[in-house]
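Since the structure comes first, as structure tokens, the remarks are kept for the end.
The values are calculated or read from the model by the stated rules, or taken from the named source; none is laboratory data. In this text the structure is predicted, and so the values were computed from the model without any measurement. Note that each Cβ is placed from the backbone with ideal geometry, even for glycine, and that neighbours are counted across all protein chains shown.
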Amino acid sequence: MAPGGRGAVVVAAVVALCLWGAVFSSEHLPTLTLFNGELTGPSDREDYTGDCDTAVLQLEDVDCDEGNNPACESVFSLNAEKILSQARLFVEQKRFPFAVDDHSTDEELAIGYVLIGNGLYDEAIKHFSLLLQSDPELVSAIYGRGIAYGKKSLQDVKNADLALYELSRVITLKPNRPEVYEQRAEILSPLGRISEALSDLTKAIQLQPSARLYQAHTHTDCTDYLAAMEDFQQSLELKRNQPIAMLYKGLTYFHRGLLKEAIETFKEALKLKSDFVDAHKSLAQAYRELGDFDRAMESFQRALLLNQNHLQSLQLRGMMLYHHGNLQDAIGNFKRCLQLKPYNEVCQYMKGLSHVAMGQFYEGIKAQTKVMLNDPLLGQKASSEYLKVKYLREYSRYLHSHLDVPVAEYNVDQDLPGHFKNHWAKNLPFLIEDYEEQPGLQPHIKDVLPQDFESYSPEVQKLICLADHLGTLMQYNTSGFLSNLRVHRAMGLAAIEVMQAVQKTWSNSRVRVNGKTRQLQWRDMFDIAVKWRRIADPDQPVLWLDQMPARSLSRGFNNHINLIRGQIVNVRYMEYFARVLSFVKDRILVYHGAYNPRGVPEVKQALEYVNKVEDLLPIMKQFNSKTRDGFTVNSKVPSVKDPGKEYDGFTITITGDRVGNMLFSVETQTTEERTQQYQSEMEALYKDLTVKGKALMLSSELGDADAVCNLILSLIYYFCNLMPLSRGSSIVAYSVVMGAIMASGKEVAGQIPSGKLVDFEAMTTPSPDRFSKAAKSWMNLKSLPSWYQNLPSVAETFQFSRTMIEVLNTDSPDHCPIKS
């Protein structure tokens with residue numbers, strides 16, 4: 001909330017509050033997390049003074065060079081001499097607002113603004129208050145004190161009222177200064193007082209409709225990105241050399257899911273200002289959303305070379321490294337972030353998560369406890385990290401207590417309390433009656449120690465390398481999905497373990513599951529993949545929904561995916577928009593054929609011109625009086641077990657009253673009845689698969705192998721349509737596909753095509769046969785190499801959570817041969 005002169009850059013922060021915070025409401029949206037903890041505008045700001053009477057205050061020196069510039073030094077190294085030196089520089093360059101003609105007074109005022117610029121808000125408030133004792137109407141001191149209270153309002157909303165009071169006093173004394181209205185709007189907007197904020201911004205533009213102020217009139221209801229882009233475009237047309245306006249224009253693309261357009265716009269901003277740290281950071285995040293890890297790292301590196309203390313870049317790079325599977329490097333970024341800002345909840349949570357994922361439970365739970373102690377203030381919304389951390393701590397304790405218990409001897413879904421699982425899966429606040437905490441860390445159970453790749457036998461090394469390779473074949477090649485090396489290895493090992501377990505079953509051998517030795521069942525096969533998915537990322541509750549409390553299951557669990565919400569497009573599913581649209585059009589014709597047969601030709605003709613989802617609503621309203629703000633369409637899934645019978649598939653919802661205010665979503669409901677229907681289908685398929693698998697072990701006929709493959713894919717078809725897990729159904733399903741197919745003597749050699757998603761492919765395909773055909777078209781099945789049969793047993797080699805974590809922590813790419 002830096003103060004400024006006319007056309008002040010601080011108003012960009014109002015825009016930033018919208019553009020950087022608007023898309024965190026659904027877990028199924030792309031992970032467009034530009035940043036989470038900071039609610040301020042860019043730190044790299046230009047001094048736009050061409051047609052202004054007073055200059056803009058720069059709270060951070062945009063010309064900071066590495067080395068000797070005192071303005072670039074840490075706040076912890078400031079002393080009176082340095083503060084005075086910066087203040088004199090501010091006075092000399094007229095870089096603070098409402099200066100007076102007295103040099104001594106200006107120098108005192110500048111000291112207050114230097115204190116603000118270095119985060120010393122309480123000291124600034126005291127300093128300005130002393131000045132106001134001598135002159136109660138010293139406008140710059142009132143304004144500066146208001147700015148300092150405004151900065152403190154990010155931690156305590158009570159300070160917002162004090163900030164508004166001070167800024168209103170300035171407006172009374174200086175009613176024609178647009179920057180004060182802008183600053184007051186910035187305080188009002190996060191408080192939800194949108195109409196008052198817009199009123200202030202309108203007044204500012206009336207006072208000075210400059211190119212800078214068009215930025216401020218971006219719609220602060222945080223949803224109208226199209227209007228925001230038009231505002232920035234008008235600003236750029238009036239004055240091209242505005243890197244901040246170009247950055248925000250790029251952010252409007254970014255949050256609408258138009259990543260390639262965002263990248264090009266961020267590059268344009270960098271052409272205008274090559275050392276623009278926030279543009280480098282935003283470009284990095286856009287590349288991260290595209291799944292381009294290398295380019296994202298390169299852009300983050302450039303941002304941090306320009307400012308090694310850039311908190312947002314450290315936080316975002318750390319999060320990207322975690323989700324890429326580089327946990328140790330991620331921890332380094334989070335530690336540096338916390339050195340700069342010890343109470344940053346995102347970095348503290350992610351540091352704790354990273355430690356736990358690596359088996360370093362003492363450090364992990366210590367970090368988690370720090371997040372738990374940071375209770376939100378009265379009237380302050382709890383952060384997502386605060387809401388999640390109690391679940392993570394309890395699961396971390398459970399995982400720690402089972403580190404050295406064979407995984408085959410316990411069951412997470414049965415052990416964790418039902419209401420705990422229900423709340424965790426639904427991301428609800430941790431308000432669980434009569435909850436008994438998991439035991440604290442046991443001193444005799446040591447943390448997981450680092451394991452060198454060379455310490456494993458050559459056979460196990462070969463196993464690990466194969467797992468890495470198999471994992472890469474499960475990677476989605478579409479926007480919104482970042483490759484995760486840790487998940488690759490985990491799910492590669494899962495596929496090999498599935499292969500070995502299925503082969504045992506087809507050879508009439510038994511397996512050890514949940515403390516019992518018995519024949520492998522269909523759920524056991526998926527449970528192998530589930531346990532590896534859980535251990536790869538403990539942040540996500542990978543839980544069987546039918547193992548939830550009966551009351552919760554009777555109400556149903558909704559798996560909800562927003563394809564379009566307002567102006568935000570979910571880039572992950574764009575490949576399927578045309579297919580879903582075609583399906584909806586077909587269902588509309590079926591509906592009218594049943595209820596309005598005479599009108600079918602007219603409806604059919606109207607639908608021929610529909611190429612976008614939003615065009616469907618007017619047609620439905622025209623031909624169906626019951627359609628007001630939207631409609632739903634349901635899919636059906638055919639039964640193989642009972643030909644002619646159909647099950648409920650997914651529900652498509654299209655609502656809205658205008659373009660940009662619509663919801664286009666897909667939802668599956670996991671009720672007890674629906675679950676039983678799908679599970680009976682899978683049980684019948686698995687029984688048939690077991691019979692044919694056993695026969696295949698005694699046969700060399702190609703047709704038998706193909707039939708087995710079709711049964712495997714049919715089983716996955718129903719699994720994906722059911723969506724039985726709270727998270728991770730897709731990767732779990734595909735690892736089972738690969739493992740079961742390897743058990744049949746074939747291996748998947750092909751990559752999943754660009755834009756294709758296994759779960760959505762199954763959900764939008766009308767039959768298991770069609771799904772099998774589509775999947776086999778990209779799998780490129782080949783004969784299984786004979787040496788696969790001699791691999792060590794995954795279940796025996798990594799039979800404990802400790803050994804599972806050890807192998808996921810082990811670095812190995814340089815030791816593994818590159819597979820063509």
Q) Failed condition for Thr803, given (1) of a type outside the set (Phe, Trp, Tyr); (2) part of a helix (DSSP H, G or I); (3) touching a residue at least 12 places away in the same chain (Cβ under 8 Å), with all others met? A) (3)
Q: Answer yes or no as to whether Ser189 is under 26 Å from the mean Cα position of the chain (by Cα), part of a helix (DSSP H, G or I), modelled with pLDDT under 80 and within 28 Å of Asn562 (Cα to Cα).
A: yes
Q.
For region 743-773, give me each residue that is crowded, with 16+ Cβ neighbours inside 10 Å and hydrophobic (A, V, I, L, M, F, W, C).
A. Ala743, Val748, Ile752, Leu757, Val758, Phe760, Ala762, Met763, Phe771
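Within region 734-753, can you find the residues that are outside any loop (DSSP other than H, G, I, E, B) and either hydroxyl-bearing (Ser, Thr, Tyr) or not assigned by TED's automatic domain parsing to the domain that holds Thr505 (or both)?
Listed by number, the residues that qualify are Tyr734, Ser735.
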Q.
Given the options Gln360, Gln368, name the one that is surrounded by fewer than 24 Cβ atoms within 10 Å (Cβ to Cβ), of a type outside the set (Ser, Thr, Tyr) and over 19 Å from the mean Cα position of the chain (by Cα).
A. Gln360
Q.
Lys271 - would you say it is in a helix (DSSP H, G or I) and touching a Pro at 6+ places or on another chain (Cβ under 9 Å)?
A. yes
Q: For region 557-576, name all the residues that are of a type in the set (Phe, Trp, Tyr) and assigned to a strand (DSSP E or B).
A: Phe557
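Taking Tyr686 as the residue in question, decide whether it is part of a helix (DSSP H, G or I), of a type in the set (Ser, Thr, Tyr) and within 35 Å of the chain's Cα centre (by Cα).
Judged against the criteria, Tyr686 is not a match.
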Q.
Here's a check for you: in region 679-728, which residue that is within 23 Å of Leu757 (Cα to Cα) and without any contact (Cβ under 8 Å) to a residue 40 or more places away in the chain is surrounded by the most Cβ atoms within 10 Å (Cβ to Cβ)?
A. Ile712
Q. Which residue, of Glu394, Glu385, is within 22 Å of Leu321 (Cα to Cα), in contact (Cβ under 8 Å) with a residue 24 or more places away in the chain and among the acidic types (Asp, Glu)?
A. Glu385
Q.
One residue is enough: does region 390-401 have a residue meeting the conditions of a type in the set (Asp, Glu) and assigned to a helix (DSSP H, G or I)?
A. yes
Q: Determine if region 714-734 includes at least one residue that is under 15 Å from Leu784 (Cβ atoms) and modelled with pLDDT of 95 or more.
A: no
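Inspect all residues belonging to region 785-801 and state whether any of them is farther than 17 Å from Met525 by Cβ and of a type in the set (Gly, Ala, Ser).
yes
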Q: Tell me, please, whether a residue that is under 19 Å from Val542 (Cβ atoms), among the aliphatic types (A, V, I, L, M) and touching a helix residue (DSSP H, G or I) at 6+ places or on another chain (Cβ under 9 Å) can be found in region 452-467.
A: yes
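Among the residues of region 578-603, which ones are without any contact (Cβ under 8 Å) to a residue 40 or more places away in the chain and either in contact with a helix residue (DSSP H, G or I) (Cβ under 7 Å, 6 or more places away or on another chain) or outside any helix (DSSP H, G or I) (or both)?
Within region 578-603, Leu581, Lys585, Leu589, His592, Gly593, Asn596, Gly599, Val600, Val603 qualify.
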Q: Hey, can you tell me all the residues within region 604-631 that are at pLDDT 85 or above and either among the polar types (S, T, N, Q) or assigned to a helix (DSSP H, G or I) (or both)?
A: Lys604, Gln605, Ala606, Leu607, Asn611
(Q) I want to confirm something. Restricting to region 77-118 and keeping residues that are touching a residue at least 40 places away in the same chain (Cβ under 8 Å) and closer than 17 Å to Gly146 by Cβ, which single residue is surrounded by the most Cβ atoms within 10 Å (Cβ to Cβ)? (A) Phe96
Q. Can you pull out the residues in region 536-556 that are on the phi < 0 side of the Ramachandran plot, surrounded by fewer than 22 Cβ atoms within 10 Å (Cβ to Cβ) and either modelled with pLDDT of 90 or more or outside any helix (DSSP H, G or I) (or both)?
A. Asp537, Pro538, Asp539, Gln540, Trp544, Asp546, Gln547, Pro549
Q. Tally time: how many residues in region 641-660 are surrounded by 15 or more Cβ atoms within 10 Å (Cβ to Cβ) and either of a type in the set (Ser, Thr, Tyr) or modelled with pLDDT under 90 (or both)?
A. 7
Q.
So for region 234-249 (the condition being closer than 30 Å to Arg486 by Cα, crowded, with 24+ Cβ neighbours inside 10 Å and within 21 Å of the chain's Cα centre (by Cα)), does at least one residue qualify?
A. no
**Q.** Residue that is surrounded by the most Cβ atoms within 10 Å (Cβ to Cβ), among those in region 498-533 that are under 17 Å from Ala743 (Cα atoms) and among the small types (Gly, Ala, Ser)
**A.** Ala529
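Each row is one residue, and each column tells you yes or no for (1) of a type in the set (Asp, Glu); (2) within 30 Å of Gly728 (Cβ to Cβ); (3) within 36 Å of the chain's Cα centre (by Cα).
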{"residue": "Glu575", "(1), (2), (3)": "yes, yes, yes"}
{"residue": "Phe583", "(1), (2), (3)": "no, yes, yes"}
{"residue": "Gly593", "(1), (2), (3)": "no, no, no"}
{"residue": "Lys604", "(1), (2), (3)": "no, no, no"}
{"residue": "Pro618", "(1), (2), (3)": "no, no, yes"}
Q.
Please go through region 452-484 and give me each residue that is surrounded by fewer than 17 Cβ atoms within 10 Å (Cβ to Cβ) and assigned to a loop (DSSP other than H, G, I, E, B), ordered by number.
A. Asp452, Ser457, Asn477
Q) Given the conditions (1) modelled with pLDDT of 95 or more; (2) small (Gly, Ala, Ser); (3) crowded, with 23+ Cβ neighbours inside 10 Å; (4) closer than 30 Å to Gln234 by Cβ, and given that Gly257 satisfies all but one, which numbered condition is not satisfied? A) (1)
Q | Scope region 557-573; condition over 20 Å from Asn661 (Cβ atoms) and surrounded by fewer than 19 Cβ atoms within 10 Å (Cβ to Cβ); matching residues | A | Asn558
Q: Would you be able to tell me the number of residues in region 278-301 that are polar (S, T, N, Q), free of Cβ contacts under 8 Å to residues at least 60 places away in the same chain and surrounded by 24 or more Cβ atoms within 10 Å (Cβ to Cβ)?
A: 1
Q) Taking region 242-281 as the search range and keeping residues that are in contact with a Phe, Trp or Tyr (Cβ under 9 Å, 6 or more places away or on another chain) and among the β-branched types (Val, Ile, Thr), which one is nearest to Leu311 (Cα to Cα)? A) Ile244
Q: Run down Ala795, Ala774 and say which single residue is in the same structural domain as Ala501 (by TED's automatic domain parsing), assigned to a helix (DSSP H, G or I), of a type in the set (Gly, Ala, Ser) and free of Cβ contacts under 8 Å to residues at least 60 places away in the same chain.
A: Ala774
